Structure formats: C-alpha cells, structure tokens
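Below you'll find the structure, written out as structure tokens, and then a few comments.
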Amino acid sequence: MSHHKEEIRIGVYICHCGHNIAGTVDVTGIAEYASRLPNVVISKDYKYMCSDPGQVLIGQDIAEHKLNRIVVSSCSPLLHEKTFRDALVKGGLNPFFLQMVNIRENVSWVHTDTDDANLKARDLVRAAVHRVAYQKELTKKKVPVNPDVLIVGGGIAGISAALTMADAGKKVFLVEKEPTIGGHMALFDKTFPTLDCAACILTPKMSSVKKHPNITLWSYSEVSEVSGFVGNYKVKVTRKPRYVIEELCVGCYACVDECIFKEGKFPDEFNLGMSKRKPVYLPFPQATPLVAVIDDKTCIHFKTGKCQQSCAKACDRNAIDFNQQPEVKEIEVGTVILTTGFKAFDARRLPYYGYGKFPNVFTSLEVERMVNASGPTEGHVVLKDGSKPKSVGIVHCVGSRDEKTNKWCSRVCCMYSLKLAHLIKEHTGAEVYNFYIDMRTPGKGYEEFYDKLLREDVHFIRGRVAEVSDWATTSDEEGKLIMRVEDTMVGMVRRIPVDMVVLSVGLEPRDDAQDIRKLFNISCSTEGFFLEKHPKLAPVDTFTDGVFIAGAAQGPRDIPDSVAQAGAAAAQALALIDSGHVELEPNTAYITDTLCSGCKSCLNICPYKAIAFDDEKRKSVINEALCKGCGTCVASCPSGAIRQNLFEDEEIFSEIRGLFVESI
Amino acid sequence: MKYLYYPGCSLRSTGRAYEESLLAVFRVLGIDLAEIDDWNCCGATNYMSINEHRAIAITTRNLALAEQQGGSGEVHIIAPCNACYMGLQKTKIYLDTEQGLREKILKTMEGAGLRYEGRVVIRHPLDVLINDFGLDKLKMAVKKPLHDLRVISYYGCQMVRPIATFDHEADPVSMDQVAMTLGATAVDWGMKLRCCGGSMTSTVPDVGQRLNYLLLKEAKAKKGDIMITACPLCQFNLECFQGKISKKFRDDISIPVMFFTQLMGMALGIPEKELGIHRLFVKPRPVTV
Amino acid sequence: MNSGSNGKQPFLHIKREADLDKEFSKRIAKLAHGEKLYGCIQCGNCSATCPLSPYMDYTPRKVIAMVRAGFRDEVLSNSTVWLCASCYSCTVECPKGIKITDIMYALKREAIIKKVYPRNFAIPALSRTFYDEVRAGGRINETWLLTRFYMRTNIFKAIGFIGLALKLFGTGRLKLAEKKLKDRQQFRRMVESTSN
C-alpha cells in the first residue's frame, strides 16, 4: 500500500464482551492474528471495549503509537459506533477513521462451532483492516432544528404529548383522523384499577388541547405527504370536508335536530354500531372539537341532490357549507410524534365463539359502551331483548396468545376483564365467570384489584373456552349460550350455560399502520406495531431521527403506560429541539461534475427526493441535507459519476479483497 | 375436465348408496369420472395407529397409480369419503413438506415398480361441484326443487380438519350451499363439525352411541326434516343405530340420514333405485312424498 | 388413577424423578411431526373441544403435560389415547399449533411397540384387525373386519350386532366377497419393505 501519502498505522481492538464474544471466539488468538496483518501497529483484546478504560486505551494508543486508523471488533455498530467515534475524537483523530467489525451478533451469537466462528471472525477483521486504510477524513454538517412539532393521533397518548410540548412553549400541530379526539379512552366508562370515571379524567385534557394557544388541532384530517429530514420536515395534511365550518359551529345540535331523518338510521361508529345516528351528527356530547359532521355517504343531499337542507336552515350561524372541498395544509416541523393507537381484534375471525351469529355474544368494547351512561343502553347491561342477564361469561385472550390470529399477549385484557366483571356484577347482580389462561396483573394496584375481585363472588376458571354453542344437553341449558371449557385446575371439562358472553378482544396494529410507516420512513416489528430504536434504552425513538412513537401504536399497552410513554416521547423531542441543531451524518452521495452526462436516471431512483437537475449546467445536483446515504444512485449511475462518502469504491473493493485474500 | 375417482372400501359396502348416488348425479351433470385401477385401502385412522410410515406408503401407492393413469400434468382425484379424502390429502402434504419421509416412501414405491411425482390434487366432490361445476349450473339442472325441506348438513370431522382447502375449518358452508341450491332450507346448527365417534360406535358402544345421540337429538331440536352427510362412517353411525339409541336414551330421535348426493339426485329427478334409497334404514319420507 | 411404577405402594400419590422417562417427550415429539409440543401453555382448549374427553381418565391437556414430564407408563398403559377418534378439533383449535392428534397417534404406536397398550380394550384390537386385513388383502371387507374383530375381543358381544348385520346384508350393504387387488403378494411385499 505504498501509494498512500501518509503512513497508515492501524490499531485493532478485539472485545470479549464478557462471555458474549469470548465464550465462542478465541479473542486472544484473533488479536494475535490481526497483529500480523498489513499496516497493523498494535492489536489488543480487552474485556469490555465500550467501558471507560476500554475507550481510554484507544486514546492512549493513538498518542503512544501514532495510530491513524482504528478497527474495533465487538458488537453491532448500531450500539457502539458513536461510543468509539467519540473515543477517536478524544484521542485526537477524525472519527471517520474508525471501522467496526460485528463479531457478536454476526459471529458469536449465531455460531456454535468454535472453529467456524474463529475463521469467520478472522476473515471479518482482515477485511476491516484492509478497508480502514482507505477511509478518509470527513466532517459532520450542522443544521438548525425547527421548534414546531407534529403529533399524529389524538388518543390519550397524543393528547398527553401535545399538552406537554405546548406547555413547554412549542407550537404543536395535532392531527386526528376521526371527527373528534379522545381515541379509545373516550369509549370507556371506568378505568382500572382505581375505577375512576374515564370521561372525568379525559375530557378536561381534551378541552385543554382545544383551548391551548400553542396547539393547532386538526381533526377529521390525515397526513398525506412527508419530506425533509430531522429538524426540518415538510408535511402536508389533508383536511377532509366535514361540510360544517369549524370556526362558526358551536355544537348546538340544531342541525342534528332538524335533519329530515327524524330518527337515527345509520350505525353510530362511536357506539360501535349498537345505536343509530343521522347523516349529520356529533360523535358524543364532549366531542372535541364540538363541531358537527355531515357524512356524505349517507346524507340525502349528497346522494340525490334533492334535500330541502333543513339542517342548513336550522343553523343560525350559517355554519353549514355543502360545497366544502378537501383542504391541504402545508406545515414545517422539526420533530414528529406518532401516537396512532391500535385496532381491536375482530372477533368474527374466531367462528367458534359465535360472535355475529348469537346476538348475545358481545365484544368487550361493546360492553364498555353499554356500561357507559352516555352509551347506547344508557348504562344498562342488557341482552338484545332488553332484559338483564342472570349469568355472564367473560372470555380472556380472544385474538391474543394464539398462533392462528395474534401470538402476543395483549397486556390489558386481564385487567379490563376484571374491571368489566366488577361492573357487570355491580350493574346486574349476575353470576359472572372469568375464563382465563394465565392471570396477568403486573402494575401498581393491579394485583390488589384482582384480589378484590376474587372476594366479590366472581367465578374464575382457568381454561381457554373452546366453544360457545346453543346445543343443549340438559333442560337447564335450553335457550342459553353454553360455554365449553376445561377447568384445568380441576382437570375436568365443564359446560357452563350463560345468558351473555363477553369476548375480551386483543389489541392489533391498525390497518393503516403500514401506510404511516412508509409515510414517515420508520419500521414495524414482525407483528406490525411500530418498531422502537431499542426495546429497553430507546423505547420511544425510531430509526428515523426526529420521529418518535408512543402509546399502543408501538405495542399493546394501558392508559398509565401510554401517558408515561407520551411524556418520554415529548421529552425526547424537546431535547432535540432545545439542542438547537442536529449534526448530519457525512455518509452522503456526491457527484463528480465532469463525469455526469446529465442522463437524469438518478432523479427518479432517489427515495428521498434529494437529487435535483441543474438545467443550466445539465448536471444532477444532490442536496446533502436530504440525502440519507442509501447508495441507490451510486449503484445506478451509468457513468460512475456518483460516489459516496464512507462507501468509496476503493474502500469497498479493498474490504472485499481483504475478505478473500488470505495475505498471511 | 376429467377426474380420477378413488372410491375407498366403505363405498363398496356399508356406504354403497354414496357411490351409487354420486355416480348417478355426476353422470347427469356430465362430470366424467374414471376409477383408479387397482386402488387399495387408504389406511384410515386405524392404520395410522399401528404404523405411520406403512400407512403413508399404502396411500402413496394410490397417488402413484393415479399419476400413472392420469397422464402428464396435474391429476385431480375425487375422494368422496371424508376419511379417504383426508388420508390422501395428509399424505400428499407430508410428502411435500418432509424431505426424509418423502425419500423413504419414494424408495418403497420404486421397489414396487411405481413412481410418485407429487402431481396429484385431492378433491372432494363438494369442492368440485361448487368450484369447478358451479352452483348456478346446478340450480338450472334441478327438476324437483326441495321447497319446505329443512336440511341439517352434518360435515363430520375430516372434510375440513386438519386441512381445510375449499371450506372454512371452523364454520364450513359448502354442503349448506348445495342444499340451498336444491331449493331446501339449510338449518344452521352448532354441531356440524362435532365428531360422531367414528368406529367407537362399534368398539365402545356406550361412548359412541352417546355421541351419536347428542347429534341426532340436536338435529331434531333444530326441527330438521333430514340430515345429510359426506362420510360413510358418519352415515352408518347416525342411521343404523337409531333404534338402539332411541331405546337406550328413551328419546325418539329418528330422522332420515342420507348422503348429500342422494338428496341431490332426488332434486335432479334421478330414479330412487339408482340413488340407493332402498338401502337406507330410515326412509326419507319428507323427500320422497 | 395411580398406575405408576411404584405399584407396590398403591396409596402413595407421589412421583419421583427417578421414575420418570426424561427422553419420552423427545421421542414422541420426533414421532409426531414437530417440536411444537414444548410450546404448550396448558390452556385446556384441546380437552374442552374434544368430544371424547368426558370419557377419558386424563384429559388431552393432561396427556401433553404428562408426556412433557416423562410419565411414560401412565400414559401408554391407559386407555385415554385410544379414545381419540382422530376428529382433529384439538389440532385445529390449539392456540400453539400443536398437532395433538398426531401426538395421540404417536402414543398409540409407542404403546404397541412397547406392548403396554390396554389388552382388554376394544379399540386397539380393532386397529390391529384392520391393519392385518389391509396388509393381507389391500382392501377392507367390512364383513370380515367386524367378524375377526369380535373374534379377537368378545365373541358374545357380536350377538348384539347380529340383527344389524342381517339388516345390512338385506339392503346389500354387507357382502361376503369383495374385489381384491391384482397382485396381493406384491402389495404385501411393498408394505413390509417400509420400516417405521
């Protein structure tokens, strides 16, 4: 490698990671092997390279041995690349003279054969030594952070995050898909384990959002386009026409009262279809904003054009506007918090529970509405014929812990089932049976709540219900729903006739989770919930800087945890905003003007719209701030005019050569 | 489309009427069937209990014979008996997915001068009627619509379990659809998939006959006029022990139990004799009158 | 039910580690197409959906637990697994995807190999008779299958079925002779060349 101007002096460090690496890989042997590789001046192994002494070791060696390139062979760069780059800086080197080799996730954790593992570790270290010799000095660019924040989803997580950010003096755009904020929590009557009224604690928060001078609330709206990068996102929000001018409407219900439909005729979404609404409606009395909506799919005016428009006549503020069109708002924000929530499992997917077939099989959410005083039955738990049930069976884990539907535990069902058992018992005095597989009540005051229920004359049967049927074998089963279950504690199958069955449905990713994922360029875990950057240490960050997640969009969770996570996400966003600027990774693509033929093939291929065309020069131009360093344009340029920092041809070819050429 | 036909042992004895009616109905509808030459027993549940690999080997012989007879490309085999249908299906899937097993069985086939390439598709007559022939065409062929007849469809176990290909594993509807196409009322009931006890009706009568009884009792409770099935053993259990069961449980549970193809034949105007109606113990009065 | 190996002390309801077969579950898992058996969460769905479980000494859930723990003798010598009618509802509904019916088959085969199946129980006898019939002729003649089955078990029981048999003959649903395979010798050789 005599063509280098400076003398290359490489230091190689092999980490034991306790037994994580050293248990499988011969770390001392690898260090000894690396010492014989070209340009390697020093090669060491150490118990924990990421520890302070480990980092200091690198700094000392840089000074003592005049090292100018460093290879650290340890875990994934995702975890510690920043640590070691900082160590280089402390030692007086440019941080991009570092190359990491992942001999933990890629070697020790996936191989059991020691010989193979050692061979692979040697190959990888050799490749890195060859590569690092060619790495160049790079500098990070700083860009300012826009202090405004976008929050998507107005459930309890979104509301909490919005209020925290707004109270900290930041301007918040809160976008909600439905006509009102409140999310699933607005459906509930009581909350576990304290049994405090959901509306009493939620609605003050909702009106605070509406009143807060720093919050712009756009309900009935969806994010339609996102571009830009951390600190500088450009977002388009489409506001769906509600045919009611929000600034004029005061929610007086005059339009609803005067609609030509005298009674509600269409399934009321808020009551899960258990009651009917008119084409013009307000979701519920505390809806926020308290503004009517006209549903153009059911309104006679939109269907036939021949309506006398009695709603418009009834409105003394002239708030109804049948000509409203979708409106696109363009905003610029520095950070984003996604709190889009979950979807409840569709119980029809498990036909053996008879949901949709037997009228008295309900989902837990339907019962939540029933026990709610503002719900379809005004707080009475009743069967379809209006009578009170004498016996009720609650089935846990419907659409949870099941390979055929969802493998995961939905985390909240045990507790809300206990809550419903208590409320049903309180409202009806019925015999209540809880059918559970394992009772999961970890949380402050949760086990105590379970204990309370155990003493309330509620029956607990450990077993997964196999079937809800209507075939009777004895006279006392006639006309009942019969639940067949093994009482696993007793070891005997039981048939339990009940009047009402409640299916405690699990939590799933929303149907549009994938669309949102693509829009904001984040990842989902295999089951479809948004993926956090690290499950323990970065639970509200994503792999896209400046985009944070909170609440049940990230995984099943209850209200206290959603609120806590929302606070964490707000804190992360605030930290980013208050640092004032972000540093951009320098691994961006660049164009050598003299080679660019102006063929434009790179323009459409860039997923981040980072490439523009200079019509005067007839050359492509890359916006460094937008480039994410994916390398797609580099590979596609027919004239080889595009190259990429940190992934230069000679760096990659040398790494490949190093991998295949056993040079010792 | 030409189909190969695997009758299975029961359709040659206790379930004769199933074969007779199936062949008659398919002839009238113009669906061609050619019997697999020199077929052998599918092994059923019993064989599996003694020796799994031998059970799979004898079933594979049938599949290999079918491929030989059916020419190149996909070979569709119609297996009307639920147990045979499942046995053939399960064998095909295990051979497709378990490499070691496949090698072993292919070797056995080679020794017997046979080759199995995996080109077979196992079909149930209900699948063929609905998805190949079509219910619209069937409706047009109906000569005597079965109005006012309440039909209880009993699917038994092995049509959709453990492998559901053409109908839902927990809530099948194909037989009900056929009954409705014939003009009858399909009665929804909760026991369409509940086991009749299989061979237990003969081996452990106390247990088997109680399972039969529960099914018959519910069929009566749902005011069914007639039960239809697609399994010779289910039909045998549910029909032939009705006298004993009525006496034992002191409950009149008599109800005609016939093969769905017999019911089809009657609606298509095929003479009773050709449908094996005379072989039934409980005469299907509501249909024949 | 306390039919463990400590049979000398009939009232002692205790299982010692030394009396368990620690390899048992591995053998059964291998015979029953998969390791999913180890994922069992003891929810009892199999027992609840099983139409035969009310007649079993151990529910299917318990059988799985006993297999896992190595209660070999109890499981194999008991009539429970023989009551499985292969209706597959447990397999289809199992939330952990365990092929419970295949496990029951594997246990039946294991009991036969180990010669510990319940001798006075009719179901294994029918299976054996069926197996022999097919091996010999390639097809089942239900007349001879039932005759040989009753001869093997309880000839007097057959008397109860004589009326039914006559009715079946009368309607042509039982026959004395059935068409046989073309080359029964070759069929038999094929069967026997397959080891398990």
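Here are a few things to note about the model shown:
- Only one entry of C:Lys114, C:Lys99 meets the criterion of being more than 9 Å from chain B (Cβ to nearest Cβ) and either surrounded by fewer than 23 Cβ atoms within 10 Å (Cβ to Cβ) or modelled with pLDDT of 95 or more (or both), and that entry is C:Lys114.
- Condition check for A:Lys313: away from chain B (no Cβ under 14 Å), out of contact with any Pro (no Cβ under 9 Å at 6 or more places or on another chain), of a type in the set (D, E, K, R) and assigned to a helix (DSSP H, G or I): yes
- Filter result for B:Arg123 (in contact with a His (Cβ under 8 Å, 6 or more places away or on another chain), of a type outside the set (S, T, N, Q) and either assigned by TED's automatic domain parsing to the domain that holds B:Thr14 or under 19 Å from B:Ser21 (Cβ atoms) (or both)): yes
- Residue selected from the range A:413-439 under the condition assigned to a loop (DSSP other than H, G, I, E, B) and in contact with a Lys or Arg (Cβ under 7 Å, 6 or more places away or on another chain), by the criterion nearest to A:Met500 (Cα to Cα): A:Ala430
- Listed here are the strands (runs of 3 or more DSSP E) enclosed by the range B:136-237 that have at least 2 residues being closer than 30 Å to C:Ala122 by Cα, more than 14 Å from chain C (Cβ to nearest Cβ) and modelled with pLDDT of 95 or more: B:226-229.
- Filter result for A:Gly555 (under 28 Å from A:Lys609 (Cα atoms) and among the small types (Gly, Ala, Ser)): no
- Failed item, numbered, when A:Pro607 is tested on (1) in contact with a helix residue (DSSP H, G or I) (Cβ under 8 Å, 6 or more places away or on another chain); (2) crowded, with 16+ Cβ neighbours inside 10 Å: (2)
A quick yes/no check of all residues on (1) aromatic (Phe, Trp, Tyr); (2) touching a residue at least 40 places away in the same chain (Cβ under 8 Å); (3) under 18 Å from A:Pro204 (Cα atoms):
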| position | (1), (2), (3) |
| --- | --- |
| A:Asp123 | no, yes, no |
| A:Ala133 | no, yes, no |
| A:Leu138 | no, yes, no |
| A:Gly154 | no, yes, yes |
| A:Ala162 | no, yes, yes |
| A:Met165 | no, yes, yes |
| A:Val175 | no, yes, no |
| A:Phe188 | yes, yes, yes |
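- Filter result for the condition that a residue is at pLDDT 95 or above, within 30 Å of A:Asn521 (Cα to Cα) and outside the structural domain of A:Ala199 (by TED's automatic domain parsing), over A:Lys390, A:Lys384, A:Lys407, A:Lys425: A:Lys407
- Given (1) in contact with a Leu (Cβ under 8 Å, 6 or more places away or on another chain); (2) not in a helix (DSSP H, G or I), number of the condition A:Thr139 does not satisfy: (1)
- Test for A:Thr339: is it of a type in the set (Val, Ile, Thr), over 29 Å from A:Ala157 (Cβ atoms) and away from chain B (no Cβ under 14 Å): no
- With a requirement of 3 or more residues that are surrounded by fewer than 23 Cβ atoms within 10 Å (Cβ to Cβ), the helices (runs of 4 or more DSSP H) lying completely within the range B:3-119 that satisfy it span B:16-29, B:52-70, B:82-97, B:99-111.
- In the range C:46-96, residue farthest from the other protein chains (Cβ to nearest Cβ) [restricted to those that are of a type in the set (Asp, Glu) and in contact (Cβ under 8 Å) with a residue 60 or more places away in the chain]: C:Asp73
- Look at the range A:486-498: where a residue is more than 9 Å from every other protein chain (Cβ to nearest Cβ) and a partner is among the polar types (S, T, N, Q) and part of a strand (DSSP E or B), sitting 6+ places away or on another chain with Cβ atoms under 7 Å, you get A:Val498/A:Ser391.
- Filtered by the rule that a residue be under 21 Å from B:Asn82 (Cβ atoms) and in contact with a Lys or Arg (Cβ under 8 Å, 6 or more places away or on another chain), the range B:114-131 gives B:Val120, B:Ile122.
- Highlighted here are the helices (runs of 4 or more DSSP H) found entirely within the range A:1-91 that include at least 2 residues which are at pLDDT below 95 and among the aliphatic types (A, V, I, L, M): A:77-90.
- Count of residues meeting criterion [within 21 Å of A:Gly154 (Cα to Cα) and outside any strand (DSSP E or B)] in the range A:209-242: 11
- Matching option when the condition is over 28 Å from B:Val282 (Cβ atoms), more than 7 Å from chain C (Cβ to nearest Cβ), among the small types (Gly, Ala, Ser) and in contact (Cβ under 8 Å) with a residue 24 or more places away in the chain, among B:Ala34, B:Ala24: B:Ala34
- Of the listed requirements (1) more than 26 Å from the chain's Cα centre (by Cα); (2) among the β-branched types (Val, Ile, Thr); (3) in a strand (DSSP E or B), A:Val291 misses just one: (3).
- The numbered conditions (1) farther than 30 Å from A:Thr112 by Cα; (2) of a type outside the set (Phe, Trp, Tyr); (3) in contact (Cβ under 8 Å) with a residue 24 or more places away in the chain; (4) surrounded by fewer than 19 Cβ atoms within 10 Å (Cβ to Cβ) are all true for A:Ile10 except (4).
- Residue within the range B:169-187 that is touching a His at 6+ places or on another chain (Cβ under 7 Å) and surrounded by fewer than 17 Cβ atoms within 10 Å (Cβ to Cβ) present: yes
The values are calculated or read from the model by the stated rules, or taken from the named source; none is laboratory data. Everything quoted here is computed from the prediction, not taken from an experiment. Every residue, glycine among them, receives a Cβ derived from its backbone with ideal geometry; neighbour counts consider all protein chains shown.
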